[in-house]
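The values are calculated or read from the model by the stated rules, or taken from the named source; none is laboratory data. Everything numeric here is computed off the predicted structure, so don't read it as measured data. Ideal geometry is used to build each Cβ from the backbone, glycine not excepted, and the neighbour counts take in all protein chains shown. Accessible surface areas use protein heavy atoms only, side chains included; no ligands, DNA or RNA. Shrake-Rupley method; radii C 1.70, N 1.55, O 1.52, S 1.80 Å.
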Amino acid sequence: MLELRDIRKSYGPVNVLNGISLTFNPGEIMSIVGPSGAGKTTLLQIAGTLDRPDDGEVFFNGENLLKLKDRKLSKFRNQNLGFIFQFHQLLPEFSALENVALPALIAGKRKKIAFSDAERLLKELGLAHRLTHKPSELSGGEKQRTAIARALINTPSIVLADEPTGSLDSRNRDEIKMIISDLRDNYHQCFVIVTHDPEMAEIADRKVLMEDGYLKNEI
């Protein structure tokens, strides 16, 4: 479904990615593990078309995404990819419901449908009582569940998660781990998770190890 071919990326004299080739398959959970500085987040950003490699290709269902112009690439990202960040990245001036609905509104959904879908997702994630609350009024776990709902609002084929439990306590880490596992089982989406959390990595169908910008092996 999503394929990276010989991806290379440098920042000045530092080689961050050294010829990474990797395929993400429908309906699987993949975890990418390795020490800090291994290039995991950079790889995830390139897979999500948030950054461009210096060399290499990114294909989605046979289409080379790096050949798309910015507007078409933004549309592709909005319709096909969901993102979960370590620190949720919710807009502070908007309620949980508004934060989740926003990508659907950007995609052109009618307001009534976008907000209905957002409400349904938040309720599925146990946040029916938090719809109108702003991020400052939510706990860490509630913020991350809201971010997960936002990632799912446009029913993406792939959800890319960068340290989704990195800022949470153990109870909330366990909760998010179970949510992601259940979501994959229910919606059959591909989840790609960069993580230092060994328990989060254990829910994956496939684990890959990165070191010093190289893909070492599957573990």
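How would you classify the stretch 168-219 from its alpha-carbon gyration tensor, with a ≥ b ≥ c the square roots of the eigenvalues: rounded for a/c under 1.5, else prolate if a/b is greater than b/c, otherwise oblate? Oblate is the answer for the stretch 168-219, as a/c is 1.5 or above yet b/c matches or exceeds a/b. Ignoring the sites themselves, the chain has its longest run without trypsin sites (Lys or Arg not before Pro) in a DSSP loop having at most 11 other Cβ atoms within 10 Å at 111-219.
Whole-Hz Karplus values for the stretch 153-158 come out as 4, 9, 6, x, 6, 9 Hz, taken residue by residue from phi with 6.51 cos²θ - 1.76 cosθ + 1.60 and θ = phi - 60°; glycine and proline positions read x. Give me the percent of the accessible area of the chain that comes from carbon and sulfur atoms, probe 1.4 Å, all protein chains in place. Reported share for carbon and sulfur atoms: 49 percent. Rounded to the nearest 500, the helix-only mean residue ellipticity at 222 nm of the chain stands at -11000 deg cm²/dmol, with each DSSP H run of n ≥ 4 adding -39,500 (n - 2.57).
In the full protein context, the chain carries 48 Å² of accessible surface per residue, based on a 1.4 Å probe and ignoring ligands, DNA and RNA. Between residue 73 and residue 5, the FRET efficiency from the beta-carbon distance, with R0 = 25 Å, is close to 0.90.
For the chain, calculate the relative contact order in percent as a whole number, restricting contacts to Cα pairs under 8 Å that are 6 or more residues apart.
31 percent
What's the FRET efficiency of residue 188 with residue 21 using the Cβ-Cβ distance as r and R₀ = 25 Å, to the nearest 0.05? The calculated FRET efficiency here is 0.50.
In terms of the Cα gyration tensor, with a ≥ b ≥ c the square roots of its eigenvalues, is the stretch 1-60 rounded because a/c is under 1.5, prolate because a/b exceeds b/c, or oblate?
Verdict is oblate for the stretch 1-60.
Karplus-based coupling profile of the stretch 166-177, in residue order and whole Hz: x, 9, 10, 6, 5, 5, 6, 4, 4, 5, 5, 4, with θ = phi - 60° in 6.51 cos²θ - 1.76 cosθ + 1.60 and x standing for Gly or Pro. With the cut-off at under 19 Å, measuring from each backbone N in the stretch 13-45 to a point 7 Å along the Cα-to-Cβ line of residue 52 picks out 16-20, 42-45. Could you state the number of Å between the C-alpha centres of the stretch 156-205 and the stretch 79-94? Going from one Cα centre to the other spans 15 Å. Couplings for the stretch 105-122, taken from phi via the Karplus curve 6.51 cos²θ - 1.76 cosθ + 1.60 with θ = phi - 60°, read 5, 4, 6, x, 5, 4, 4, 4, 5, 4, 6, 5, 5, 5, 5, 4, 5, 5 Hz in order; Gly and Pro are left as x.
A straight chain from residue 216 to residue 134 at 0.36 nm per residue would run longer than the Cα-Cα distance by 25.3 nm.
For residue 113, the shell of other residues with beta-carbons less than 12 Å away shows a net charge of +3, using +1 for Lys and Arg and -1 for Asp and Glu. Sparsely packed loop sites in the stretch 52-133 (the GluC sites (Glu not before Pro) outside DSSP H, G, I, E and B with at most 16 other Cβ atoms within 10 Å) comprise 93.
Given 0.36 nm per residue, what is the gain on full extension from residue 120 to residue 205 after removing their alpha carbon distance, in nm? All intermediate terms of the calculation are to be shown ahead of the outcome.
Details: separation 85, 0.36 × 85 = 30.60 nm, distance 2.77 nm.
Full extension from residue 120 to residue 205 adds 27.8 nm.
Along the Cα-to-C-beta direction of residue 63, a point sits 7 Å from the Cα; which residues of the stretch 1-23 have their amide N less than 18 Å from that point? Within reach of a label on residue 63, which here means backbone N under 18 Å from a point 7 Å along Cα→Cβ, the stretch 1-23 contributes 1-5. The H on the amide N of residue 29, modeled in the peptide plane, is under 5 Å from the matching H of 191, 205, 206, each at least 5 residues off or on a different chain.
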